[in-house]
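Student: One structure is given below, represented as structure tokens, and several questions about it will come after.
Just so it is clear, none of the values below were taken in a lab; they were calculated from the coordinates. If you're wondering where the values come from, they're calculated on a predicted model, not measured in any experiment. Here the Cβ positions follow ideal geometry from the backbone for every residue, glycine too, while neighbour counts run over all protein chains shown.
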Amino acid sequence: MELMDRKTDDTGNEAIRAGMPALVGGYAVVTGASSGLGRCFALELARRGIDTILLSLPGSGVENVARMASGLGTRSIAFGTDMRDRDGLLDLCREINRKYAVSVLVNNVGAGGTQRLGDSSYEYLENIIDLNVTSVTMMTRALLPNISGGNGGYILNVSSMAALSPIGFKTIYPASKRFVYDFTRGLREELRGTGVSVSTILPGPMKTNRDVTARIERQGLFGKIGLLSPETVARIGIDGMFSGKDVIIPGWMNRMYKLLADIVPSCVRLPLVSRVVSRELDEDNRI
Ligand SMILES: NC(=O)c1ccc[n+]([C@@H]2O[C@H](COP(=O)([O-])OP(=O)(O)OC[C@H]3O[C@@H](n4cnc5c(N)ncnc54)[C@H](OP(=O)(O)O)[C@@H]3O)[C@@H](O)[C@H]2O)c1
């Protein structure tokens, strides 16, 4: 893998953190890059002198993020695409593979929510599965030959602290993030020795958009546990990815929560976490 320790990037911009390996050549693809954590990943990579290919919904303003990344002295290309459209997504990956060398993939796009399963629309359920499970798998499969065909590279899959336990009223979200966690760890083992490092990050709560912020605030004190800004999470994620970590848990409170989740039996943990999460529902639906 062609890596070197750089203190400054090619354009002479702001110093890259001392001792941080910087990739030479190759684009970083970031999904869901128009806002929230994805936008922070895009700008964090650009600050480190890494060129980016940014994917998000058409009309999401992802071009503005690409302009900001270019303003940091890197090349940045934006593509508007609905990642639930599997054929469209695979066509786009083929185009990327034809035109660009890719050395980093950040599978960030994802959707969540808190609803009783019986009250959920099929569209709501399908959106979570399409983005959290199918798009992560398809993107990784489609870009892997490009990533492993160069000088090696990195894949960072965004899971969640929610992956650590099943949760009532969220049901499908923690299950989908558990998929991301297990998929990453299996693929990491499969790619051992190939020069491609695969990591997963488990963020705790981040106030990335109005809906998520309202849900976090309804959890009260519990919502504050492990709360970090998306900028901080993106920085920790990119550091962890480049240092080849398998599982990245940002923030000491989240690491403590992981320790507790490992030792507290499911018969205690599951009702407790589900009760707290039910606070995100309307008053009539809480337990
Ligand atoms: N926020 C949290 O508390 C939290 C905690 C743990 C894990 N995570 C995970 O972190 C990741 C990012 O979360 P976030 O809170 O930053 O999410 P977000 O604010 O909802 O942003 C998601 C991004 O994906 C884009 N997007 C949505 N649907 C898309 C589609 N069909 N095709 C292409 N792009 C699409 C959005 O575009 P628009 O700008 O047009 O909406 C946006 O850029 C997700 O995987 C999430 O599960 C979040």
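Student: Summing Lys, Arg as +1 and Asp, Glu as -1, what charge do residues with Cβ under 12 Å from the Cβ of Glu123 carry, Glu123 excluded?
Tutor: -1
Student: Let me ask something else. Using alpha carbons only, how many degrees (0 to 90, rounded to 10) separate the axis of helix 252-263 from the longest principal axis of the chain?
Tutor: So the helix axis and the longest Cα principal axis differ by about 60 degrees.
Student: Rounded to the nearest 20 Debye, what is the dipole magnitude of the chain about its Cα centre when Lys and Arg each give +1 and Asp and Glu each give -1 at the C-beta?
Tutor: For this selection, approximately 660 debye.
Student: What's the local net charge at Lys177, with K and R +1, D and E -1, over the other residues with C-beta under 15 Å away?
Tutor: +2
Student: Separate question: If I model a spin label at Arg86 and Tyr124 as a point 7 Å from the Cα along the Cα→Cβ vector, what separation in nanometres do I get?
Tutor: 2.4
Student: Also: Note the count of lysine pairs whose C-alpha atoms are less than 22 angstrom apart in the chain, limited to pairs 8 or more residues apart or on different chains.
Tutor: 12
Student: For Ser243 and Thr194 in one chain, what is 0.36 nm times their gap in residues minus the Cα-Cα distance, to one decimal in nm?
Tutor: Between Ser243 and Thr194, full extension yields 16.1 nm more.
Student: Quick one: order Lys245, Lys177 by neighbouring beta-carbon count within 10 Å, fewest to most.
Tutor: By the 10 Å Cβ count, ascending: Lys245, Lys177.
Student: Which Cα, out of Leu156, Leu221, Leu92, lies furthest along the positive dipole direction of the chain (beta carbon charges, K/R +1, D/E -1)?
Tutor: Leu221
Student: Let me ask another. Quick check on the exposure proxy: order Leu221, Leu117 from fewest to most C-beta atoms within 10 angstrom.
Tutor: Ordered by Cβ neighbours within 10 Å, fewest first: Leu221, Leu117.
Student: Quick one: which of 102-114, 187-199 comes out on top by average Cβ neighbours within 10 Å, and what's the full order, highest first?
Tutor: Put in order of decreasing packing, that is 102-114, 187-199.
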